[in-house]
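S.K.: Let me begin by handing over the structure; questions about it come next.
The values are calculated or read from the model by the stated rules, or taken from the named source; none is laboratory data. If you're wondering where the values come from, they're calculated on a predicted model, not measured in any experiment. Here the Cβ positions follow ideal geometry from the backbone for every residue, glycine too, while neighbour counts run over all protein chains shown. Heads up: the accessible areas ignore ligands, DNA and RNA and are worked out on the full protein's heavy atoms, side chains in. Shrake-Rupley method; radii C 1.70, N 1.55, O 1.52, S 1.80 Å.
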2 protein chains.
Amino acid sequence: MKELQEKILKEGTAINETVLKVDGFLNHQVDPFLMQRIGEEFADYFKNRGITKVFTIESSGIAPAVMAAIKLDVPMVILKKQQSKILNGEVYQTKVTSFTKGTSYELTLSKKYIDKDDKILLIDDFLANGEAAQGGIRLIEEAGATVSGIGIVIEKSFQPGRKKLDDRGFDVYSLARISRLAKGVIEFVE
Amino acid sequence: MKELQEKILKEGTAINETVLKVDGFLNHQVDPFLMQRIGEEFADYFKNRGITKVFTIESSGIAPAVMAAIKLDVPMVILKKQQSKILNGEVYQTKVTSFTKGTSYELTLSKKYIDKDDKILLIDDFLANGEAAQGGIRLIEEAGATVSGIGIVIEKSFQPGRKKLDDRGFDVYSLARISRLAKGVIEFVE
């Protein structure tokens, strides 16, 4: 998505070899019109997959996910990041460790909002090591539902997440694919 | 907002005198079209205030806030809930204690995304004791900016948050005002 690449080059900041700050339009301040176009791009790409719900992981994926859900005319579900909590049998829960942030959390989904017939489009802001996406996939598959597509706003293609998802046969559509980061340097996959 | 009241009556669950679960369309599963109409309703009400940015508190306010931001043609900013973190002078931060959830967090705003000339519309999903809203107001006022309006999706009018904000002279627009909750009972302000 050319517009997104240009926005990243103009407003993103590469701190080092692994960290890209996009706090100005995606993670803290949010450009709502860009989110709308991103959501529409995902919806257009995945429109013939019979998607029944858009899932996202709180909280930076919510804005693009709600826009995709509108365009696909389906509900959106926010997978919650919770601190350890007593399971009561009404939720699916899986531990996710973020290497990027050095934290872990319990990704949680109420059993009420997924069904084995659901075809899920999973949307997230970043794909790096793939831990968050794989956590979402575990919850969806535990419910017996289908991951029908994965939409990523910014993929760090030099990290292993993309390959892990490709190897499992998922259709991953990333709107910006970054091949290299360094202090002040941002390069995209050709 | 009649449509929201009807949705709350149909799909919300009053657990006891203080807890209303709306996980089916607002807090976990999200109805994107309802969020769009909620955002438009906020935008319409506050349209003549010269709003420059929509602020919200992560994460259930993001969907309605991004919709309001689109309609008002301004950026949206997500105030972050962080665990205690070292302040580096680049952020405004204030402690918020949620009586409802029995937790506390540091509400955080980068100084880059607010200016003393900003007129902010603050949007949140619930207003109960008003702690989160007041935390957002503290950050906005610390930056020297103006709180030009507060948009609330569901107000528990029997709790003190609304009065606290009214007493300080803020214009609070709540789309559903609940006068009483009890197990299985949801009543609205006339």
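S.K.: Working only within segment A:96-111, note down all residues that are open to solvent by 80 Å² or more (accessible area, probe 1.4 Å) and modelled with pLDDT under 95.
M.R.: Correct list: A:Phe99, A:Thr100, A:Lys101.
S.K.: Let me ask you something else. Does A:Ser104 satisfy the condition of being away from every other protein chain (no Cβ under 11 Å) and farther than 18 Å from A:Val147 by Cα?
M.R.: Numbers: away from every other protein chain (no Cβ under 11 Å): yes; farther than 18 Å from A:Val147 by Cα: yes.
It is true that A:Ser104 is away from every other protein chain (no Cβ under 11 Å) and farther than 18 Å from A:Val147 by Cα.
S.K.: Being more than 12 Å from chain A (Cβ to nearest Cβ) and buried (at least 19 other Cβ atoms within 10 Å of the Cβ) is the requirement here; does B:Ile70 meet it? If you could, list the steps in order and put the result at the bottom.
M.R.: On the way: more than 12 Å from chain A (Cβ to nearest Cβ): no; buried (at least 19 other Cβ atoms within 10 Å of the Cβ): yes.
No: the conditions fail for B:Ile70.
S.K.: Being within 11 Å of A:Val54 (Cβ to Cβ) and within 11 Å of another protein chain (Cβ to nearest Cβ) is true for just one of A:Val77, A:Val91. Which residue is that? Step through it out loud before you land on a result.
M.R.: Values: A:Val91 fails: within 11 Å of A:Val54 (Cβ to Cβ).
Checking each option against the conditions leaves just A:Val77.
S.K.: Six or more apart or on different chains, Cβ under 9 Å: which pairs go from a residue in segment B:138-166 that's of a type in the set (Lys, Arg) and modelled with pLDDT of 95 or more to one that's open to solvent by 20 Å² or more (accessible area, probe 1.4 Å) and part of a helix (DSSP H, G or I)? Could you list them?
M.R.: These pairs meet every condition: B:Lys156/B:Arg162; B:Lys164/B:Gln134.
S.K.: Please indicate, with yes or no, whether at least one residue in segment B:109-126 is outside any strand (DSSP E or B) and within 24 Å of B:Arg37 (Cα to Cα).
M.R.: no
Residue-wise test of (1) within 9 Å of chain A (Cβ to nearest Cβ); (2) at pLDDT 95 or above; (3) closer than 29 Å to A:Ile114 by Cα; (4) touching a Phe, Trp or Tyr at 6+ places or on another chain (Cβ under 7 Å).
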| site | (1), (2), (3), (4) |
| --- | --- |
| B:Gln5 | no, yes, yes, yes |
| B:Ile8 | no, yes, yes, no |
| B:Thr13 | no, yes, yes, no |
| B:Leu20 | no, yes, yes, no |
| B:Gln29 | yes, yes, yes, yes |
| B:Tyr45 | no, yes, no, yes |
| B:Leu87 | no, no, no, no |
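S.K.: Among the residues of segment A:40-67, what is the count of those that are in contact (Cβ under 8 Å) with a residue 40 or more places away in the chain and buried (at least 20 other Cβ atoms within 10 Å of the Cβ)?
M.R.: Total meeting the criteria: 13.
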